[in-house]
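Heads up, the thing below is written out as structure tokens.
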Amino acid sequence: MGCAHGKCCNRDSSTSDEDSGHYQRGIRPYKNKDGLTQRSLELVHVPSHNFTLQYSSLTQNGYYPDTTDRENQDSFCIKTQIQGNPNVHFFGVFDGHGQYGAQCSNFVKDKLVEILSSDPTLLDDPLKAFNSAFLATNSELRDSEIDDALSGTTAITVLVVGDTLYVANVGDSRAVIAVKDGDRILAEDLSVDQTPFRKDEYDRVKLFGARVLSVDQVEGLKDPDIQHWGDEESHGGDPPRLWVPNGMYPGTAFTRSVGDSTAEKIGVIAVPEISIVRFTPSHLFFVVASDGVFEFLSSQTVVNMAAAYKDPNDACAAIAGDSYKRWLELENRTDDITIIIVQIKGLSNQSGVGTTDSEVHSRPCQIGGSMNQSTAIVPPLMHQTLESDMG
């Protein structure tokens, strides 16, 4: 999303049992087939560690009653065997916004993987390659014929390299992995939404001169001096947004994206945050999705629903259908909805002999000098997050 009237309230009121990690399928979720594109079930083998990825994807046009012919601004990319290597595979979801959001997301989904695929250092230093690809893609979008002054895209991308997962994110789409824990299946976020709700991101954009205010504050309905908006799960439909010092634009609800050249002047950057996960047999599947899915469904609910279906095709349809239904129940429209589900099949303890979670280490993280320095985000246990250097 990202427009000044995008984010909504009344989040997940699911019938799933989040604490127990189970989902009761019950009534078949509502599904709208207009503007829906779903890929058939596909498989790719990872011979280096002798396991298989089984995946499916789905994208659904949003419903906007005033513009029923509005095109889907989401896009996605699945590219297997990067550089001809059978152990390297890419999955990405791109959520465009603004007048030229569809053009931006489609440009970025093609260009990002193209640059990654042509980088000779990709396998030697995936972190550096990922970071460079994002920045180069941002530059190429800027130099293209697409007007990205008030348009752009978020990007949540996953690169599988053997038994290691690299997740690079800009914006507020999300990746999450399912972890088997006894008789429960737990969701662990692989990315952290980059919004002004995060103090580190709030502080960073303020250094660039951004005003951080909700729409009601900008319009004078609430006190602009109050710089507390609760948390992202209960913001009441009026989240903090970024505005230029003396204007009523751009109003982005995220702090990082590709494109958005106007917002870049107030700290919205294309530098990705990158997390690393070493697969273990307890990892069942991962989900990559736009915030059209996560607006009203928590990560745990999405994992619970996906775990209830053997076929990721069915899981994609159920999650997209439930997301669409919740949007219509709580709003007068829906966002575009895009989801990729990748199941991890046949991974054994022998697949990663000699590796442990503790062997995945972080390195010092900085964005372009002391003014933009940011502490690395380190989620618990299964993975560590690294913030790449800008240069």
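Worth pointing out:
- Region 54-119 and region 128-165 have Cα centres lying 11 Å from one another.
- When every Cα-Cα distance of region 195-253 is counted in 5 angstrom steps from zero, the calculated P(r) takes the values 4, 21, 33, 29, 12, 2 percent.
- Most positive-pole-ward Cα, 248, 196, 228, against dipole of region 195-253 from beta carbon charges: 248
- Each Lys and Arg contributes +1 and each Asp and Glu -1, all at the Cβ; summed about the Cα centre of region 195-253, the dipole is approximately 280 debye.
- Over all other residues within a Cβ to Cβ distance under 14 Å of residue 149, the charged ones net out to -4, with Lys and Arg as +1 and Asp and Glu as -1.
- With R₀ set to 56 Å, the beta-carbon distance separating residue 71 from residue 183 gives a calculated FRET efficiency near 0.80.
- By average C-beta atoms within 10 angstrom, highest first, the peptides 64-70, 115-121: 115-121, 64-70
- Net length available on complete extension from residue 143 to residue 206 is 20.0 nm, with 0.36 nm assigned per residue and the Cα-Cα distance removed.
- Near residue 343: Cβ cut-off under 13 Å, other residues only, Lys/Arg at +1 and Asp/Glu at -1. The net charge is 0.
- Based on every Cα atom in region 152-276, Rg and the maximum pairwise Cα distance Dmax equal 16.5, 55 Å.
- Near residue 139: Cβ cut-off under 14 Å, other residues only, Lys/Arg at +1 and Asp/Glu at -1. The net charge is -4.
- Calculated FRET value between residue 219 and residue 44, using beta carbons and R₀ = 45 Å, to 0.05: 0.35
- Accessible area of residue 82 in the full protein assembly, 1.4 Å probe (Å², nearest 10): 0 Å²
- Inter-site label distance for residue 228 and residue 249 at 7 Å from Cα along Cβ, in nm: 3.4 nm
- Relative contact order, percent, region 195-253 [alpha-carbon distance under 8 Å, six or more residues apart]: 38 percent
The values are calculated or read from the model by the stated rules, or taken from the named source; none is laboratory data. This structure is a prediction, so every number in the text was calculated from the model and none was measured. Counting neighbours? That spans all protein chains shown, and the Cβs are built from the backbone with ideal geometry, glycine included. Surface areas here come from the heavy atoms of the whole protein model, side chains and all, with no ligands, DNA or RNA. Shrake-Rupley method; radii C 1.70, N 1.55, O 1.52, S 1.80 Å.
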